[in-house]
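The values are calculated or read from the model by the stated rules, or taken from the named source; none is laboratory data. The shown structure was predicted, so the numbers you read here are calculated from the model rather than taken from an experiment. Because the Cβ atoms are built from the backbone with ideal geometry, glycine has one as well, and the counts that use them run over all protein chains shown. SASA here: full protein model, heavy atoms, side chains in, ligands and nucleic acids out. Shrake-Rupley method; radii C 1.70, N 1.55, O 1.52, S 1.80 Å.
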Amino acid sequence: MKILGIETSCDETSAAVVENGRRILSNVIASQVELHAPFGGVVPELAARRHIEAVGYIVDEALAQAGVELKDIDAYAVANGPGLVGALLVGVNYAKGLAFAQKKPLVGVHHIEAHVCANYLTEPPLSPPFLSLVVSGGHTILLAVEDYNVFRVLGGTLDDAAGEAFDKVARVLGLPFPGGPEVDKVARGGNPLAIAFPRARVGAFEFSFSGLKTAVMQYMAKHPDCDIADVAASFQQAVVDVLVAGAVKAARELRYTNIALAGGVACNRALRTAMEAACEVNHLRLHMPPPVLCTDNAAMIAARGHTMLPGDGWDLDVFPGRMV
Ligand code: KG4
Ligand code: ZN
């Protein structure tokens with residue numbers, strides 16, 4: 001069973017061919033970072049227009065790299081929410097056209113569930129039930145993945161998502177867009193214990209990052225000549241501490257033995273290292289995709305689509321504000 005996945009929810013145009021929901025035959029990703037960098041953030045209309053220009057080439061390249069043709073594709077999976085409405089429409093309509101012309105099934109995939117399913121594409125093999133910590137630009141949630149199609153939200157952020165906090169703090173520190181990876185880089189030269197930023201503890205499985213962001217802004221205003229690397233490292237450590245503590249607490253309380261990290265922030269080196277250490281101490285098995293499968297990609301869309309077949313009808317729509 002070969003599925004062609006398409007992802008256009010934000011600023012990456014991606015297409016991938018995945019076999020049996022587990023084996024990546026190709027995963028082509030075209031980033032729009034340079035297009036949006038002068039604006040300091042993603043400009044929705046520019047993103048949609050660039051997806052239109054790129055999607056055909058990216059799909060062709062994904063087929064070529066997989067060594068297959070359209071007639072070899074058994075089903076089409078596409079992210080149909082959450083995301084930018086114009087951007088999502090490009091991928092959904094392209095996938096719809098291909099599936100209709102080829103008379104093959106079409107399935108609309110939840111982008112955040114797909115991030116979790118990136119963990120099915122790596123070793124060691126993972127299968128439900130497990131706990132997932134999803135940390136992306138728009139989401140920070142703890143999910144109980146009870147079966148391939150059963151995702152139960154345990155808790156999430158009450159304000160900013162982890163990635164959003166990274167991006168906003170990067171701006172305060174004067175670092176270029178996209179901020180998360182820049183903070184990660186700069187923090188490597190700083191002392192994570194230099195500044196005692198707050199670690200919010202709220203609810204059973206909830207997170208909050210807006211107070212931390214404010215604390216960094218106030219610190220910068222009071223100490224204009226401070227060492228940016230120390231601020232980045234101390235901020236990052238505060239985020240990492242609450243994410244790791246939250247995930248381990250949930251796994252222990254709900255008796256999960258497997259934890260899967262997912263989403264763009266899962267690229268963060270400090271988070272990966274701290275999760276590894278905490279899981280070892282607590283006898284938990286940690287799964288985390290390589291960075292290329294943590295950020296937006298179409299292989300994860302195909303992996304998610306695999307267990308959703310036969311999928312949707314030709315009236316498949318986009319759901320930009322869709323919740324999990
Ligand atoms: O999952 P993703 O690629 O897109 C969304 O679905 O949102 O996540 C993007 C987020 C951005 O906020 C970006 O700054 C953050 O992930 N990010 C990182 C790192 N790489 C990406 N945050 C911290 N450290 C990183 N190395
Ligand atoms: Zn994403």
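Key figures
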quantity: Filtered residues of the range 109-156 (kept if within 11 Å of the chain's Cα centre (by Cα), of a type in the set (Ser, Thr, Tyr) and within 28 Å of LYS96 (Cβ to Cβ)); calculated: SER136
quantity: Residue among GLN218, GLN237 that alone is among the polar types (S, T, N, Q), within 21 Å of the chain's Cα centre (by Cα) and not in a loop (DSSP other than H, G, I, E, B); calculated: GLN237
quantity: Selection from the range 251-299 of residues that are away from ligand 2 (no atom under 16 Å from the Cβ), in contact with a strand residue (DSSP E or B) (Cβ under 7 Å, 6 or more places away or on another chain) and closer than 26 Å to LEU193 by Cα; calculated: MET275, GLU276, CYS279, LEU286
quantity: Which listed residue, of ILE6, ILE52, ILE24, ILE29, is open to solvent by 30 Å² or more (accessible area, probe 1.4 Å) and within 16 Å of ligand 2 (Cβ to nearest atom); calculated: ILE29
quantity: Top-ranked residue in the range 244-259 [being exposed (fewer than 15 other Cβ atoms within 10 Å of the Cβ) and in a loop (DSSP other than H, G, I, E, B); ranked as nearest to ligand 1 (Cβ to nearest atom)]; calculated: THR257
quantity: Any hit, the range 35-42, residues being farther than 28 Å from TYR256 by Cβ, open to solvent by less than 10 Å² (accessible area, probe 1.4 Å) and not in a helix (DSSP H, G or I); calculated: no
quantity: Residues (among the polar types (S, T, N, Q), surrounded by 19 or more Cβ atoms within 10 Å (Cβ to Cβ) and either in contact with a helix residue (DSSP H, G or I) (Cβ under 7 Å, 6 or more places away or on another chain) or in a loop (DSSP other than H, G, I, E, B) (or both)) located in the range 81-135; calculated: SER132
quantity: Where a residue in the range 307-324 is under 14 Å from VAL85 (Cα atoms) and its partner, wherever it lies, is open to solvent by 50 Å² or more (accessible area, probe 1.4 Å) and among the hydrophobic types (A, V, I, L, M, F, W, C), with Cβ under 7 Å and at least six apart; calculated: VAL318/VAL85; VAL318/LEU89; PRO320/VAL85
quantity: Residue within the range 178-196 that is under 27 Å from LEU154 (Cα atoms) and in a loop (DSSP other than H, G, I, E, B) present; calculated: no
quantity: Some residue of the range 260-280 being over 20 Å from ASP184 (Cα atoms), at pLDDT 95 or above and not in a helix (DSSP H, G or I); calculated: yes
quantity: Any hit, the range 304-314, residues being surrounded by fewer than 24 Cβ atoms within 10 Å (Cβ to Cβ), within 15 Å of ligand 2 (Cβ to nearest atom) and not in a loop (DSSP other than H, G, I, E, B); calculated: no
quantity: Matching option when the condition is hydrophobic (A, V, I, L, M, F, W, C) and touching an Asp or Glu at 6+ places or on another chain (Cβ under 8 Å), among ALA37, ALA99, ALA15, ALA66; calculated: ALA15
quantity: Every pair of residues 6+ apart whose Cβ atoms lie under 6 Å, when the first sits in the range 119-143 and is within 12 Å of ligand 2 (Cβ to nearest atom) while the second is part of a strand (DSSP E or B) and of a type in the set (A, V, I, L, M); calculated: VAL134/ILE141; VAL134/ALA262
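For (1) loosely packed, with under 14 Cβ neighbours inside 10 Å; (2) within 24 Å of PRO289 (Cα to Cα); (3) in contact with a Ser or Thr (Cβ under 8 Å, 6 or more places away or on another chain), each residue gets a yes or a no:
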residue	(1), (2), (3)
PHE166	no, yes, no
PRO176	yes, no, no
ALA196	yes, no, yes
GLY203	yes, no, no
PRO224	yes, no, no
